[in-house]
1. Give region 175-196 a look and list any residue that's closer than 20 Å to residue 247 by Cβ and either open to solvent by 10 Å² or more (accessible area, probe 1.4 Å) or at pLDDT below 95 (or both), or say none.
2. Just one of (1) touching a helix residue (DSSP H, G or I) at 6+ places or on another chain (Cβ under 9 Å); (2) open to solvent by 60 Å² or more (accessible area, probe 1.4 Å) trips up residue 303, so point out which.
3. Does residue 256 satisfy the criteria of being crowded, with 19+ Cβ neighbours inside 10 Å, over 19 Å from the mean Cα position of the chain (by Cα) and among the basic types (Lys, Arg)?
4. Do any helices (runs of 4 or more DSSP H) entirely within region 86-171 hold 1 or more residues that are among the polar types (S, T, N, Q), surrounded by fewer than 22 Cβ atoms within 10 Å (Cβ to Cβ) and in contact with a helix residue (DSSP H, G or I) (Cβ under 6 Å, 6 or more places away or on another chain), and if so, which?
5. Consider region 181-231. How many of its residues are acidic (Asp, Glu) and closer than 16 Å to residue 167 by Cβ?
6. Could you figure out which of (1) under 23 Å from the mean Cα position of the chain (by Cα); (2) within 25 Å of residue 179 (Cβ to Cβ); (3) not aliphatic (A, V, I, L, M); (4) not in a helix (DSSP H, G or I) isn't true of residue 244?
7. Can you tell which of 263, 273 is modelled with pLDDT of 95 or more, open to solvent by 40 Å² or more (accessible area, probe 1.4 Å), within 26 Å of residue 177 (Cβ to Cβ) and part of a helix (DSSP H, G or I)?
8. Suppose we keep only residues that are within 12 Å of residue 263 (Cα to Cα) and hydrophobic (A, V, I, L, M, F, W, C) within region 223-243. Which one would you say is least open to solvent (accessible area, probe 1.4 Å)?
Amino acid sequence: MEQRTQRDLAIINLVSDYEEMISNGEKLFLTEKSFSEIIDYYQDENQINRALKVADIAIDQFSYRAEFYIRKAKLLSRINRPKECLSVLDIAEKIAPAELEIKLLRIKIFAYSGHVLEADHILSNLKHYITGVDMAELLICESYIHEVNQDFNEMYEVLKQAILIDPKNEEALDRFWFSIEFSKNYYGAIDFLNKIIDDQPYSYLAWYNLGEAYSCVGEYAKAIHSLEYAFIINPEYQNAYYECAELCMQIKKFSKALDIYKDATSLFGIDEDVLLNIADCHKEIGNLSAAKYNLYKALKYDPYNDEVYFKLGLCYVEEKNWNNAVKTFHKAIAIQ
């Protein structure tokens, strides 16, 4: 934990120094690693335009390297600018014509921009010579084509193959749940994911997908167990906390849900929706003061939320505080 804190502080200091130099109009001369770390930071913070600016500066300094062109293309694809993305990839390919990542990114961009034939053409050519873990990356690209074609069964099958080749591939595992959900192949996924977990017991995404699949077939206890493993293995995986807590609420394990929300909010902060769920838990276990406290906190985020006033009214009803109940119900009605 101490090493990670030091690393995070070092990156924050690096970004701070970079921003100061930019604001002062200074000429930047950073290492490739420093540029990459700053791009990563802005990308993680969802500040894509700032990340693009860094990529442009890095390209200006390292114009002979394909790496930063690829980074820029990925950022452009993230904000749905496919034409610019493909233009940048053209330059990258002139610098590094054999770079597989450029071709794989082209497939994804072509697929998502509706040029499925072009994507399929590149895919077919690559299949003749791709082997090993690179095949997993190619199968992930194929899953984009199947997604666009809405062939979710095929998407499911190619992602299964990709995971079998590279069980640690996070993109394959992340996309796998999407294919499970749309193909409705919950039972098949449960069997498959249990086998993957036998081989890779610390795969938080495999546990997460397993939890979601169990939830969809009504196996809520197993779902909660699996989702807990997901956030125990990766304490920063926010989705697992909230999915697990909501499942606990569904099966009326309100105290357990509160414990999970407490852990999650200490890591990720709090928002209006989470406050409403926390309030519901407190109300269900009879802690009306805490329920009202969290509902009034929620009003600070949105003072015109009719649902909050309605839930406050229900709390006052439980307390037989009829005047306040009527007032809050009237406020809810006035809003909606």
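1. 177, 178, 181, 184, 186, 187, 190, 194
2. Of everything listed in (1) touching a helix residue (DSSP H, G or I) at 6+ places or on another chain (Cβ under 9 Å); (2) open to solvent by 60 Å² or more (accessible area, probe 1.4 Å), residue 303 misses just condition (1).
3. The answer is no for residue 256.
4. On the way: elements: 100-112, 116-126, 133-148, 152-165.
Once the helices (runs of 4 or more DSSP H) in region 86-171 are filtered for at least 1 residues that are among the polar types (S, T, N, Q), surrounded by fewer than 22 Cβ atoms within 10 Å (Cβ to Cβ) and in contact with a helix residue (DSSP H, G or I) (Cβ under 6 Å, 6 or more places away or on another chain), what remains is 152-165.
5. Summing the residues that are acidic (Asp, Glu) and closer than 16 Å to residue 167 by Cβ in region 181-231 gives 3.
6. With respect to (1) under 23 Å from the mean Cα position of the chain (by Cα); (2) within 25 Å of residue 179 (Cβ to Cβ); (3) not aliphatic (A, V, I, L, M); (4) not in a helix (DSSP H, G or I), residue 244 is out only on (4).
7. When all the criteria are applied, what remains is 263.
8. 240
The values are calculated or read from the model by the stated rules, or taken from the named source; none is laboratory data. Everything numeric in this text was worked out from a predicted model, so none of it was measured. A quick note on method: Cβ atoms are made from the backbone with ideal geometry, for glycine too, and the neighbour counts reach across all protein chains shown. Calculation scope for accessible area: heavy atoms of the full protein, side chains included, ligands and nucleic acids excluded. Shrake-Rupley method; radii C 1.70, N 1.55, O 1.52, S 1.80 Å.
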